[in-house]
Amino acid sequence: MEFNDVRLQYLALRDEIDSAIWQVLRAGRYILGPSVQAFEDEFARYCRVAIGVAVASGTDALSIALRALGIGQGDEVLVPAWTAAATAMAVTATNARPVFVDVSLSDFNMDPAQALDRKTSRTRAVMPVHLYGMPARLKEIAHAGVPVVEDASQAHGSDARWGRCGSFGVAAAFSFYPTKNLGAYGDGGMIVTSDGGVAERSRLLRNYGQHEGLSSVILGHNSRLDELHAAVLRVKLRMLEEWNRRRREIAGLYREGLRELPLGMQAETGESNYHLFVITCPERDRLRSHLAALGIPTLVHYPIPLHRQRRSKNLARKLALTRTCSVRAS
């Protein structure tokens, strides 16, 4: 058994996927073509928003969304201290500073009260993560009074009382990394939004700051979802609800079977897509060894909180030096 066997979806949909790839190859349009445009529309509708802007990765989706909001040097963005490194790195890519917010021990997501405490006069956005697919408490987090940019990289099709993940904030970022519930055969991502201005700036930023011509109107870079990936994702999107339904069904069996054991389980704040089923255990390593002996693979997501990792400490020193130099220069 593998923790993530990404071949299974291909084997189940081989004829449709092969046909979709062949159609792209035969058409000869490989960058920002009709498959990307169609997938942007289809995935935006799935997320219950107006517009999708496909990019090269989930990390790029986060950083481009922030840049589209005008976030940059000297700004701060609230991010959870416990998540994938990409969340914080997307902030640093804009030259802004990630401010780490502790997470709740119940749902493992950003603690709304802590977010309010960590807000400063420099805070320009808050970027909660729907960790493992479980919806963050966005209505409470929104009391911070700054734009919410959802990191929905693990939350394709997750629903909360306030709506579908990706539909609450001014923008949301999704990843189509191969192991996601909706995964490509390589990197990919998308910004979804109902704000036309954010969408327009995101389109410019992903493509050298250019419209259709070769003249750049802003500084952008190259971050475009490939046509081949979009074609494959269109095929898989049609199956996503069924795949998520099956994950929820299995998660329900896990919860029932494990409820009498001394384990912690993620509190349900909505209808997760169960990208991962995560437990806590006081004897984690011993439990992992026991499961491995039974042929059951496990992973630790995530072993070291972001604020305790070496790069975060180096970042803090770098930012402190930058501010000192700025003060002296003034």
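The values are calculated or read from the model by the stated rules, or taken from the named source; none is laboratory data. Since this is a predicted model, take the numbers as computed values, not measurements. With ideal geometry, Cβ positions are generated from the backbone for all residues, glycine too; neighbour counts draw on all protein chains shown. Surface areas here come from the heavy atoms of the whole protein model, side chains and all, with no ligands, DNA or RNA. Shrake-Rupley method; radii C 1.70, N 1.55, O 1.52, S 1.80 Å.
Could you rank K139, K119 by how accessible they are, 1.4 Å probe, largest area first?
K139, K119
If ligands, DNA and RNA are left out, what is the accessible area of F43 with a 1.4 Å probe, given in Å² to the nearest 10?
We get 0 Å² for F43.
Compute the length gained on full extension between L263 and A113: take 0.36 nm times their separation in residues and subtract their Cα-Cα distance, giving the result in nm to one decimal.
My answer for the length gained is 51.5 nm.
If the only charges are +1 at each Lys and Arg Cβ and -1 at each Asp and Glu Cβ, what is the size of the charge dipole of segment 161-320 around the Cα centre, to the nearest 20 debye?
With Lys and Arg at +1 and Asp and Glu at -1, about 560 debye.
Taking amide H positions as placed 1.01 Å from N in the peptide plane, with prolines and chain starts having none, which residues 5 or more places from V99, or on another chain, fall under 5 Å of its amide H?
Those qualifying (amide H under 5 Å, at least 5 residues apart or on another chain) are V77, L78, V79.
Please turn the phi angles of segment 288-298 into ³J(HN,Hα) values with the Karplus equation 6.51 cos²θ - 1.76 cosθ + 1.60 (θ = phi - 60°), one per residue in order, whole Hz, x for glycine and proline.
Taking θ as phi minus 60°, the curve returns 4, 5, 4, 5, 4, 5, 8, x, 10, x, 9 Hz for segment 288-298.
Show the residues, 5+ positions off or on another chain, whose built amide H is closer than 5 Å to the amide H of E271.
D159, A160
At L299 and E241, where each label point lies 7 Å from the Cα along Cα→Cβ, what is the point-to-point distance in nanometres?
With each label point 7 Å from Cα toward Cβ, the separation is 2.9 nm.
With the crude spin-label approximation of a point 7 Å out along Cα→Cβ, what separation in nm comes out for V6 versus W162?
Modelled inter-label distance: 3.1 nm.
With unit charges on the beta carbon (Lys/Arg positive, Asp/Glu negative), name the residue among A96, Q37, P147 whose Cα is farthest towards the positive pole of the charge dipole of segment 37-190.
P147
Only residues of segment 88-121 count here: report those whose backbone N is under 14 Å from the spot 7 Å along Cα→Cβ of R308, or say none.
102-103
Can you tell me the relative contact order of the chain? Whole percent, Cα pairs under 8 Å, sequence separation 6 or more.
Working: 637 pairs, mean separation 71.8, N = 330.
It comes to 22 percent, rounded to a whole number.
Please list, in order along segment 174-189, the HN-Hα scalar couplings obtained from phi with the Karplus expression 6.51 cos²θ - 1.76 cosθ + 1.60 (θ = phi - 60°), rounded to whole Hz, x for Gly and Pro.
Per-residue couplings from phi come out as 10, 10, 10, 3, x, 8, 5, 4, 10, x, 8, 9, x, 7, x, x Hz.
Could you state the accessible area per residue of the chain in Å², with a 1.4 Å probe and every protein chain left in place?
Numbers: 16320 Å² over 330 residues.
Normalised by residue count, the accessible surface of the chain is 49 Å².
What is the antiparallel percent of DSSP beta bridges lying wholly in the chain, to the nearest 5?
60
Over segment 170-209, what is the relative contact order in percent, taking alpha-carbon pairs closer than 8 angstrom and at least six residues apart?
35
In nanometres, what is the gap between the two model label sites at E140 and R248, each 7 Å from Cα along Cα-to-Cβ?
Each label point lies 7 Å from its Cα, and together they span 2.2 nm.
What is segment 149-243 by shape, rounded, prolate or oblate, if you read a ≥ b ≥ c off the alpha carbon gyration tensor as root eigenvalues and call it rounded for a/c under 1.5, prolate for a/b larger than b/c, and oblate otherwise? Don't skip to the answer; put the middle values down first.
On the way: a/c = 2.63, a/b = 1.40, b/c = 1.87.
Oblate, since a/c reaches 1.5 and b/c is not below a/b.
Accessible area of S104, 1.4 Å probe, to the nearest 10 Å²?
In the full protein context, S104 sits at about 10 Å².
Could you tell me whether segment 268-313 comes out rounded, prolate or oblate from its Cα gyration tensor? Rule is a ≥ b ≥ c as square roots of the eigenvalues, rounded for a/c under 1.5, then prolate if a/b exceeds b/c, otherwise oblate.
Oblate, since a/c reaches 1.5 and b/c is not below a/b.
Quick one: order D75, D15 from most to least accessible surface, probe 1.4 Å.
The ranking, largest first, comes out as D15, D75.
Give the long-range amide H neighbours of A171: residues separated by 5 or more places, or on another chain, with amide H under 5 Å away, using H modelled in the peptide plane at 1.01 Å from N.
Long-range HN contacts for A171: E150.
Counting only protein heavy atoms and a 1.4 Å probe, tell me what percentage of the chain's accessible area is made up of carbon and sulfur.
Ligands and nucleic acids excluded, carbon and sulfur reach 53 percent.
FRET efficiency for T120 and R26, Cβ-Cβ distance as r, R0 = 45 Å, nearest 0.05?
0.25
How much accessible surface area, in Å² rounded to 10, belongs to the heavy atoms of E260 with a 1.4 Å probe?
The accessible area comes out at roughly 150 Å².
Would you mind checking segment 249-264 for residues with the amide N under 20 Å from a putative spin-label position 7 Å along Cα→C-beta of R288?
Flagged as within label range: 262-264.
Could you give the size of the charge dipole of the chain about its Cα centre, using +1 on the Cβ of each K and R and -1 on the Cβ of each D and E, expressed in debye and rounded to the nearest 20? Walk me through the numbers on the way to the answer.
On the way: 41 positive and 34 negative charges, 216 e Å.
Dipole magnitude for the chain comes out near 1040 debye.
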